[in-house]
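Inspection log for the structure reproduced underneath, given as structure tokens.
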Amino acid sequence: MLNNKTVLITGGTGSFGKKFIETILDRYPEVKKIIIYSRDELKQSVIKQKYPTYDFPQLRFFIGDVRDKERMTQACEGVDVIIHAAAIKQVDTAEYNPTECIRTNIDGAENVIHAALACGVKNVVALSTDKACAPINLYGATKLASDKLFAAANNIRGSKEIKFSVVRYGNVMGSRGSVIPFFIDKKKEGVLPITHEEMTRFNISLQDGVNMVMYAIENHLGGEIFVPKIPSYKITDIAEAIAPECKTRVVGIRPGEKLHEEMITDTDSLNTIDLGKYYAILPSVSFAYAEEEFIAHHKAIKVPFGFKYNSGTNTEWETVDSLRDLIIEHVDASFKV
């Protein structure tokens, strides 16, 4: 799929970008070029040390910001596939710096779309978040706007052979700023601060997130928001899995935070199909394809009327034991209770 292709990853120095690079090099050794596009010179240098030019001549490093339309267009020249992972992601950072979040997450998304259209890119897959579903914080609102921009981009492609789609998933296990590394660090203090005893979250490994993007590249028709079928966990089970000897202290839900996360609302279900391993929310306005064409292409079925996908009412759950196994596998191989 990606052999002899040029792939560009915006925000390519983040957790997702690093795992995506590793996966491409492993699965597609004949990839023509991988362009890591980000504004962080230090993180790029760290990746360069891991993948030196004499062993990995297919890697390219572009310093640039998705806010810069001209630089974005320059980086997209000759590119076949774009993975758009760049974003301001921290909920509290977005609330305190709203204009900066809008410029990166919304204006940046628009720049990626226009650069892709101008440069003859064939496939574009943008990363989203469960917080974009019925958003209550600015980060989620900007990512919902971004999702809508990428879905609608299929309606302005004209005769160009290009497809835009989105992947949306929950908390990535062990990613920067997430709860597991936070609790592991806090373990030595003897007390774990938890926001609410009833809080739940969806859980996905970084590799499964990358696999989902690969699936989207290979199978998307254009306009879909792909959603994985993944388990939930209780925040109290995470605390028990990491530090059963520690006390917990309830500190309250932070501004802009939900008790349970959603990825598909009951209103979204009107446009949602079941692909087997994933769901796909179809665009509410599509001039490119009818719903029947999406269903036939994906060999899918419509979800039941009123269906919704919520971390609190999920039918699949991680246990304390399964969480410990996953922490060892995906976060810290040396982890011990």
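Restricting to the stretch 29-78, what's the tally of residues that are in contact with a Cys (Cβ under 8 Å, 6 or more places away or on another chain) and either of a type outside the set (A, V, I, L, M, F, W, C) or without any contact (Cβ under 8 Å) to a residue 12 or more places away in the chain (or both)?
3
Of everything in the stretch 61-118, what is in a loop (DSSP other than H, G, I, E, B), aliphatic (A, V, I, L, M) and within 16 Å of Arg39 (Cβ to Cβ)? Give them in sequence order.
Val66, Ala85, Ala86, Ala87, Ile88
Exactly one of these conditions fails for Tyr139: (1) in a helix (DSSP H, G or I); (2) under 18 Å from Asp92 (Cα atoms); (3) free of Cβ contacts under 8 Å to residues at least 40 places away in the same chain. Give me its number.
(3)
Go through Glu293, Glu240, Glu257 for me and flag whichever is open to solvent by 20 Å² or more (accessible area, probe 1.4 Å) and assigned to a loop (DSSP other than H, G, I, E, B).
Sole residue among the options that is open to solvent by 20 Å² or more (accessible area, probe 1.4 Å) and assigned to a loop (DSSP other than H, G, I, E, B): Glu257.
Quick check on my filter: what residues within the stretch 72-109 are open to solvent by 70 Å² or more (accessible area, probe 1.4 Å) and within 25 Å of Ile47 (Cα to Cα)?
Answer for the stretch 72-109, where residues must be open to solvent by 70 Å² or more (accessible area, probe 1.4 Å) and within 25 Å of Ile47 (Cα to Cα): Gln74, Glu77, Lys89, Gln90.
Is it fair to say Asp332 is open to solvent by less than 80 Å² (accessible area, probe 1.4 Å) and either part of a loop (DSSP other than H, G, I, E, B) or more than 19 Å from Lys229 (Cβ to Cβ) (or both)?
Considered against the rule, which asks whether it is open to solvent by less than 80 Å² (accessible area, probe 1.4 Å) and either part of a loop (DSSP other than H, G, I, E, B) or more than 19 Å from Lys229 (Cβ to Cβ) (or both), Asp332 comes out as yes.
Among the residues of the stretch 62-99, count how many are within 20 Å of the chain's Cα centre (by Cα) and of a type in the set (S, T, N, Q).
2
Condition test on Pro193, is it in a strand (DSSP E or B), in contact (Cβ under 8 Å) with a residue 24 or more places away in the chain and surrounded by fewer than 18 Cβ atoms within 10 Å (Cβ to Cβ)?
Judged against the criteria, Pro193 is a match.
I need a count of the residues in the stretch 79-93 that are over 30 Å from Asn4 (Cα atoms) and touching a residue at least 60 places away in the same chain (Cβ under 8 Å).
Qualifying residue count for the region: 4.
Given the options Ser128, Ser159, Ser175, name the one that is open to solvent by 10 Å² or more (accessible area, probe 1.4 Å) and free of Cβ contacts under 8 Å to residues at least 60 places away in the same chain.
Working: Ser128 fails: free of Cβ contacts under 8 Å to residues at least 60 places away in the same chain; Ser175 fails: free of Cβ contacts under 8 Å to residues at least 60 places away in the same chain.
Among Ser128, Ser159, Ser175, only Ser159 is open to solvent by 10 Å² or more (accessible area, probe 1.4 Å) and free of Cβ contacts under 8 Å to residues at least 60 places away in the same chain.
Since Thr248 meets every condition but one in (1) open to solvent by 10 Å² or more (accessible area, probe 1.4 Å); (2) farther than 28 Å from Ile24 by Cα; (3) in a helix (DSSP H, G or I), which condition does it not meet?
(3)
Could you tell me whether the stretch 262-274 includes any residue that is in contact with a Phe, Trp or Tyr (Cβ under 8 Å, 6 or more places away or on another chain), among the acidic types (Asp, Glu), buried (at least 19 other Cβ atoms within 10 Å of the Cβ) and part of a loop (DSSP other than H, G, I, E, B)?
No, because not a single residue in the stretch 262-274 is in contact with a Phe, Trp or Tyr (Cβ under 8 Å, 6 or more places away or on another chain), among the acidic types (Asp, Glu), buried (at least 19 other Cβ atoms within 10 Å of the Cβ) and part of a loop (DSSP other than H, G, I, E, B).
Given the condition within 24 Å of Ile162 (Cα to Cα), among the aromatic types (Phe, Trp, Tyr) and open to solvent by 40 Å² or more (accessible area, probe 1.4 Å), answer yes or no: does some residue in the stretch 300-316 qualify?
The answer is no; no qualifying residue exists.
Please work out if Thr53 is open to solvent by less than 70 Å² (accessible area, probe 1.4 Å) and either among the hydroxyl-bearing types (Ser, Thr, Tyr) or part of a helix (DSSP H, G or I) (or both). Write out each step before concluding.
On the way: open to solvent by less than 70 Å² (accessible area, probe 1.4 Å): no; either among the hydroxyl-bearing types (Ser, Thr, Tyr) or part of a helix (DSSP H, G or I) (or both): yes.
No.
So which of Phe202, Phe287 ends up being in contact (Cβ under 8 Å) with a residue 24 or more places away in the chain, open to solvent by less than 10 Å² (accessible area, probe 1.4 Å) and aromatic (Phe, Trp, Tyr)?
Details: Phe287 fails: open to solvent by less than 10 Å² (accessible area, probe 1.4 Å).
Of Phe202, Phe287, the one residue that is in contact (Cβ under 8 Å) with a residue 24 or more places away in the chain, open to solvent by less than 10 Å² (accessible area, probe 1.4 Å) and aromatic (Phe, Trp, Tyr) is Phe202.
Would you mind telling me which numbered condition in (1) of a type outside the set (Val, Ile, Thr); (2) at pLDDT below 95; (3) closer than 22 Å to Lys131 by Cβ Pro98 fails?
(2)
The values are calculated or read from the model by the stated rules, or taken from the named source; none is laboratory data. Owing to the predicted nature of the structure, the values given are computational and were not obtained by experimental measurement. All Cβ positions, glycine included, derive from the backbone under ideal geometry; neighbour counts span all protein chains shown. Each accessible area value is taken on the protein alone, full model and side chains, heavy atoms only, with ligands, DNA and RNA left out. Shrake-Rupley method; radii C 1.70, N 1.55, O 1.52, S 1.80 Å.
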